[in-house]
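Reviewing the structure listed below.
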Amino acid sequence: KDILSSDLQEQIVLLQHDIGFTHARLWGLFGEDMLVEDHVGGMTTYNFTHINKVLDFLTRQQLKPFIELGPKPKIISKQRDCSIVIQHSKDRNIEEWTNLYKAFLLHCIERYGIEEVEKWYFELWSKRIDPFFDEDQQESAEPNPFDAYLRLFGALKRIAKELVPAAKFGGCGISMELEVDRLDDLLQQWKREEHKPDFLSVYVYPIEIDEEKQRFPIRNVQSANHQYERIKLSQISRCLKKAGFEGLELNVTEWNLSPFNRDYLHDSCFKAAYLVKMITDLLNRDQPNMLGYWQCSDLFSEDRDAKQLLHGGTGLMTKNGIKKPSYHAYMLLNQLGDQWVAQGQHFVVTKKSGDRYQVLCFNYKHFRYAFYFQPEGSFGFREQNRMFENMDVLRLSLEIQGIPNGKYRVKEKRLNRDQGSILDEWLNFGPVDDWKPDEIQYLKQICVPRMKVEHTVVDNRSIVLKGELEPHEVRLFEIQLLYGG
């Protein structure tokens, strides 16, 4: 229902213009507020008017729908022990689900064409496996938590394969903190089913939730391991191989630094460096197939306490439509070429056709040890320097060899706390609660990376790039051959 908001639509249009995501994952399509089912005289008919508006908008923006089908509620997780359920979705029995899903698919085929719908993804959520769902509310009539889910999955996939055989149908939103033995049990049981998944979907947050830490609620749940995501994804791959699902498409459908929407780290330059480090670390590897950022906008997590310009939401944009450093990080990543050249601890080099090179550098700083003994989100937005292992400048010198001699155009884009950081500009602006439209527009205009262009002549088939990167800075060099020499 949020996608019907003009504010969110305006932000999605901007996201697509600047970045160009391939898929939009959404859920609650069959929620009560979408007014889909009409029960009259013992009969059920379907009204897809609101769904049409949502899907029409997404397809116009060149976004392939990635539809979460299950009755997943809308939950704003403010902090570890503070979550608010904003929207409930009605649960249904298998007959109600199959009737609705079949009618929905037939409607989409008629409206968008089977060639289009077969490019979509369909995911089925399971409340029995989602760790962010309140387990006290879950029914536990069945001893095996996977039985009911796999029956519904099989019934819906059967319909999908009959009507849109090329579409991808999978599940089930597994947390990376699901114990290995439980994951093995699920995959082994799934392997015995007639209808198996086309992909496995997982949630990745570098947070650790286990019994030991639950006994120490004041401790931060953020993982101290800066390779957490890679390790967990490798663990999932080993489980897939063990269960006979080797080669199954693996999609990370939810990923962020954390799922909590009241942490100013989400608004900071640290978040930009974290995104670049994580994405470039996975770029040149076989997995995952898809990495889904959670979420596109802070509009999702607005509540009564979100009165200030920033409230620590996970979005790429503020509720007012100001681009965060995380937004700019995606823009810089989007400039990388499709030919992989080299990678180091603080950089990646790619190439496009026509002797065009892209060098993306970053000065990522991990958290200091003392950070993990504070409650998450407890550091204020004025305490950025206290959280990290060090705040040293990175002195970078990188030589690209074997390039043609000639005149080159070198464009440099810098994202750091002085250039492109809404959090720091907010701190500099002054204590304002009554924001005026022209002031918001001013921040939109100044919260952009710095850009400069130089020309240089190469006569020894190599070019050297130098720079000093501030802590959490992300810098992109775009090198283009103008003419040979």
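The values are calculated or read from the model by the stated rules, or taken from the named source; none is laboratory data. The shown structure was predicted, so the numbers you read here are calculated from the model rather than taken from an experiment. Note: ideal-geometry Cβ built from the backbone for every residue, glycine included; neighbour counts use all protein chains shown. Side chains included, ligands, DNA and RNA excluded: accessible areas come from the protein's heavy atoms. Shrake-Rupley method; radii C 1.70, N 1.55, O 1.52, S 1.80 Å.
At a glance:
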| item | result |
| --- | --- |
| Given (1) more than 27 Å from Val202 (Cα to Cα); (2) in contact (Cβ under 8 Å) with a residue 60 or more places away in the chain; (3) out of contact with any helix residue (DSSP H, G or I) (no Cβ under 9 Å at 6 or more places or on another chain), index of the condition Asp7 fails | (3) |
| All positions within region 426-465 that are among the aliphatic types (A, V, I, L, M), assigned to a loop (DSSP other than H, G, I, E, B) and open to solvent by less than 50 Å² (accessible area, probe 1.4 Å) | Val432 |
| Search result, residues across region 398-425 that are open to solvent by 80 Å² or more (accessible area, probe 1.4 Å) and assigned to a strand (DSSP E or B) | Glu399, Gln401, Arg409 |
| Check on Gln480, in contact (Cβ under 8 Å) with a residue 40 or more places away in the chain, farther than 24 Å from Lys323 by Cα and exposed (fewer than 14 other Cβ atoms within 10 Å of the Cβ) | no |
| Qualifying positions in region 431-456 - among the acidic types (Asp, Glu) and either in contact with a His (Cβ under 7 Å, 6 or more places away or on another chain) or closer than 19 Å to Gln335 by Cα (or both) | Glu454 |
| Meets criteria (polar (S, T, N, Q), under 28 Å from the mean Cα position of the chain (by Cα), surrounded by fewer than 16 Cβ atoms within 10 Å (Cβ to Cβ) and more than 23 Å from Ser326 (Cα to Cα)) for Asn47 | no |
| When residues of region 222-246 are limited to those that are open to solvent by 80 Å² or more (accessible area, probe 1.4 Å) and of a type outside the set (D, E, K, R), the one farthest from Met290 (Cα to Cα) | His226 |
| Criterion (under 12 Å from Ile422 (Cβ atoms) and open to solvent by 30 Å² or more (accessible area, probe 1.4 Å)) met by exactly one of Asn320, Asn334 | Asn320 |
| Within region 56-118, strands (runs of 3 or more DSSP E) holding 3 or more residues that are at pLDDT 95 or above and among the aromatic types (Phe, Trp, Tyr) | none |
| Failed item, numbered, when Glu177 is tested on (1) at pLDDT 80 or above; (2) of a type outside the set (A, V, I, L, M); (3) open to solvent by less than 70 Å² (accessible area, probe 1.4 Å) | (1) |
| Output for region 295-305, where each listed residue is of a type outside the set (Asp, Glu), over 25 Å from Asn416 (Cα atoms) and in a loop (DSSP other than H, G, I, E, B) | Arg304 |
| The listed residue being modelled with pLDDT of 90 or more, assigned to a loop (DSSP other than H, G, I, E, B), touching a strand residue (DSSP E or B) at 6+ places or on another chain (Cβ under 9 Å) and open to solvent by less than 40 Å² (accessible area, probe 1.4 Å), out of Gly315, Gly292 | Gly315 |
| Some residue of region 34-41 being more than 17 Å from the chain's Cα centre (by Cα), touching a residue at least 12 places away in the same chain (Cβ under 8 Å), crowded, with 20+ Cβ neighbours inside 10 Å and under 18 Å from Met290 (Cβ atoms) | no |
| Filter pass, Gln308 being in a loop (DSSP other than H, G, I, E, B), farther than 19 Å from Tyr203 by Cα, touching a helix residue (DSSP H, G or I) at 6+ places or on another chain (Cβ under 9 Å) and open to solvent by 10 Å² or more (accessible area, probe 1.4 Å) | yes |
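A quick yes/no check of all residues on (1) farther than 30 Å from Lys74 by Cβ; (2) open to solvent by 20 Å² or more (accessible area, probe 1.4 Å); (3) part of a strand (DSSP E or B); (4) at pLDDT 90 or above:
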site	(1), (2), (3), (4)
Asp281	yes, yes, no, no
Thr350	yes, no, yes, yes
Gly354	yes, yes, no, no
Cys361	yes, no, yes, yes
Pro375	no, yes, no, no
